[in-house]
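Asker: My structure is below; once you've seen it, I'll send some questions.
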Amino acid sequence: MLKYFVSGFSLVELMVTVAVLGILVAVAAPAMDRMVRQARLDADVERVQSAITFARSEAKKRSTTVSILPSAAGWQGGWSIITDDGAINPNCTLDSALGESTLRVQDQVSTSTNFLFAAAPTSSTAAITCSVAMGTPPLCLSFDREEVAILPTGGFLAATLCVRDQASPTTLYRAMTINSTGQPYLSKVQN
């Protein structure tokens, strides 16, 4: 006759296994949280870059000014990309009477992300500080038919958009500089 042996865990072995598992989870959880926050931040940066690239190409294609307008809740609440034919300069509003139209709408980005406009770097090698806001941020990001970034006043727009994690705004962020030609690029950041 064959004997079947059933082997199990003793209470001590089970307690040691649970303790080791608890330690591993305690060590891994903060790193996992940071990794998830970085992924959300990178996705939001990609959304902004995509919106800028789309607005620039539509301005050239349509031979008109195209603007990116933040929602009433700010950039965190999403944005709209519109044709913006202000009298001479963009007026950062949608006026269907002037034939302006909405081209694309971005819903709210991650709730853990916030946006800050910082001053543009003084040179291509200068680091950017994403903890100090520029004086008055632009009402919208506008691009003329030559794909140049412009202000509602008609001047060239050169600024940095800092996309930051709300829980760690001074250590977890990305800086996207929009130069006077309207080209967005990720910049070096200064901690």
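Asker: Suppose only helical runs count, i.e. DSSP H with n ≥ 4. What mean residue ellipticity at 222 nm does that imply for the chain under -39500 (n - 2.57) per run, divided by all residues and rounded to the nearest 500 deg cm²/dmol?
Answerer: Theoretical 222 nm ellipticity from helices: -10000 deg cm²/dmol.
Asker: Taking each pair of different alpha-carbon atoms in the chain once, compute 1/r for the pair, average those values, and report the inverse of that mean as the Kirkwood hydrodynamic radius in Å to one decimal.
Answerer: So the Kirkwood estimate lands at 19.0 Å.
Asker: Going by how many other beta carbons lie within 10 Å of each one, how would you line up SER112, SER96, SER50, fewest first?
Answerer: Fewest-to-most ranking of SER112, SER96, SER50: SER96, SER50, SER112.
Asker: Could you list the chymotrypsin sites (Phe, Trp or Tyr not before Pro) in segment 1-104 that lie in coil according to DSSP, counting only those with at most 13 other Cβ atoms within 10 Å of their Cβ?
Answerer: Listed in order of number, the matching sites are TYR4, PHE5, PHE9.
Asker: Next question. Longest span of the chain, sites excluded, free of trypsin sites (Lys or Arg not before Pro) in DSSP loop with at most 12 other C-beta atoms within 10 Å?
Answerer: Looking at the chain, 4-187 is the longest stretch - no exposed trypsin sites (Lys or Arg not before Pro) with at most 12 other Cβ atoms within 10 Å.
Asker: Fully extended, how many nm does the chain gain between SER131 and PHE54 (0.36 nm per residue separation, minus their Cα-Cα distance)?
Answerer: Stretched out fully, the SER131 to PHE54 stretch lengthens by 24.9 nm.
Asker: Please grab the % of Cα pairs in segment 22-134 that end up more than 25 Å from each other.
Answerer: Everything past 25 Å amounts to 40 percent.
Asker: Using r as the Cβ-Cβ distance of THR171 and MET32, and R0 as 25 Å, what FRET efficiency do you calculate, to the nearest 0.05?
Answerer: 0.90
Only the coordinates and a few stated rules stand behind these numbers; no lab work does. Since we're looking at a predicted model, the values are computed, not measured. In this analysis, Cβ positions are derived from the backbone assuming ideal geometry, glycine residues included, and neighbour counts consider all displayed protein chains.
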